[in-house]
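Undergrad: Take this structure, written in structure tokens, and hold onto it; I'll ask about it next.
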Amino acid sequence: MSEPDVTEVDARGLDCPMPLLHAKRALNALAPGGLVRVLATDSGSVRDFRVFAEQSGHQLLESEECDGVYRYLLQKR
């Protein structure tokens, strides 16, 4: 079984709200069930992505930080 395609959004170096706006644009281009991985360096993005997932209904499958880079995996509803 192959791993599903994941659209990657590199928002490193961008300040709020740009990482979230880039993620929204990528999600809008996908069919339901599609995956978007976002890389960001804005620490405020942690709250932004959590709240966005709660309000939009999209699923936040992963949220982690490593060496100052925040990684999120979203699945479109």
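Undergrad: If you take the residues of the range 1-18 that are assigned to a strand (DSSP E or B) and acidic (Asp, Glu), which of them is surrounded by the most Cβ atoms within 10 Å (Cβ to Cβ)?
TA: Per the stated criteria, the residue is Asp10.
Undergrad: Among the residues that make up the range 19-32, is at least one of them of a type in the set (D, E, K, R) and touching a Leu at 6+ places or on another chain (Cβ under 6 Å)?
TA: no
Undergrad: Pairs under 9 Å by beta carbon, first residue under 18 Å from Glu8 (Cβ atoms) in the range 39-60, partner of a type in the set (Lys, Arg) and part of a loop (DSSP other than H, G, I, E, B), six or more apart or different chains?
TA: Close Cβ pairs satisfying both conditions: Leu39/Arg12; Ala40/Arg12; Thr41/Arg12; Asp42/Arg12; His58/Lys76; His58/Arg77; Gln59/Lys76; Gln59/Arg77.
Undergrad: Spot the failing condition for Phe49; the list is (1) surrounded by fewer than 18 Cβ atoms within 10 Å (Cβ to Cβ); (2) within 9 Å of the chain's Cα centre (by Cα), and only one is missed.
TA: (1)
Undergrad: Any chance you could count how many residues in the range 19-42 are in a helix (DSSP H, G or I), among the aliphatic types (A, V, I, L, M) and buried (at least 18 other Cβ atoms within 10 Å of the Cβ)?
TA: 4
Undergrad: Right, next: Kindly provide the set of residues from the range 52-65 that are crowded, with 16+ Cβ neighbours inside 10 Å and in a helix (DSSP H, G or I), ordered by number.
TA: Hits for the range 52-65 are Phe52, Ala53.
Undergrad: Yes or no: Ser45 in contact with a Pro (Cβ under 7 Å, 6 or more places away or on another chain), modelled with pLDDT of 95 or more and polar (S, T, N, Q)? Lay out the reasoning, then the answer.
TA: Details: in contact with a Pro (Cβ under 7 Å, 6 or more places away or on another chain): yes; modelled with pLDDT of 95 or more: yes; polar (S, T, N, Q): yes.
So Ser45 passes the test.
Undergrad: Scanning the range 66-77 for residues that are farther than 18 Å from Met18 by Cα and surrounded by fewer than 16 Cβ atoms within 10 Å (Cβ to Cβ), which turns out farthest from the chain's Cα centre (by Cα)? Steps first, answer last, please.
TA: Step one: filter the range 66-77 for residues farther than 18 Å from Met18 by Cα, giving 66-67, 75-77.
Subset that is surrounded by fewer than 16 Cβ atoms within 10 Å (Cβ to Cβ): 66-67, 77.
On the way: Cys66: 15, Asp67: 18, Arg77: 13 Å.
So, considering only residues that are farther than 18 Å from Met18 by Cα and surrounded by fewer than 16 Cβ atoms within 10 Å (Cβ to Cβ), the one farthest from the chain's Cα centre (by Cα) is Asp67.
The values are calculated or read from the model by the stated rules, or taken from the named source; none is laboratory data. On a predicted model such as this, the values are computed, not experimentally measured, just so you know. For neighbour counting, all protein chains shown are included, and Cβ atoms are generated from backbone atoms with ideal geometry for every residue, glycine included.
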